[in-house]
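Remarks on the structure that follows.
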Amino acid sequence: MTDTTWDLDERFDAPNGTVHWTRLGEGDPVVLLHGTPFSSYVWRHVVRALAPAPKAATSSAC
């Protein structure tokens, strides 16, 4: 993932929809969730800032 892209390359297909997420960094996870009507795109800079320390993850339900 570069600074200009925001790809959620992981996915989970549930009966009521699909959840997409990405992971950056190593270590214990930090999960960032967005509210409605926003998307995980609002966390893109925060995730990149956190990634060097813990493992950072963000998700988007579709």
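The values are calculated or read from the model by the stated rules, or taken from the named source; none is laboratory data. No experiment lies behind these values; they were computed from the predicted model shown. Every residue, glycine among them, receives a Cβ derived from its backbone with ideal geometry; neighbour counts consider all protein chains shown. With ligands, DNA and RNA removed, areas are computed over all heavy atoms of the protein, side chains included. Shrake-Rupley method; radii C 1.70, N 1.55, O 1.52, S 1.80 Å.
When the accessible area of the range 1-46 is computed with all protein chains present and a 1.4 Å probe, what percentage of it is carbon and sulfur? The C+S portion of the solvent-accessible surface of the range 1-46 is 56 percent. Summed over the residues of the range 1-43 and divided among them, the accessible surface reaches 79 Å² per residue at a probe radius of 1.4 Å. Among the chymotrypsin sites (Phe, Trp or Tyr not before Pro) in the range 8-40, those placed in a DSSP loop whose Cβ has at most 11 other Cβ atoms within 10 Å are F38.
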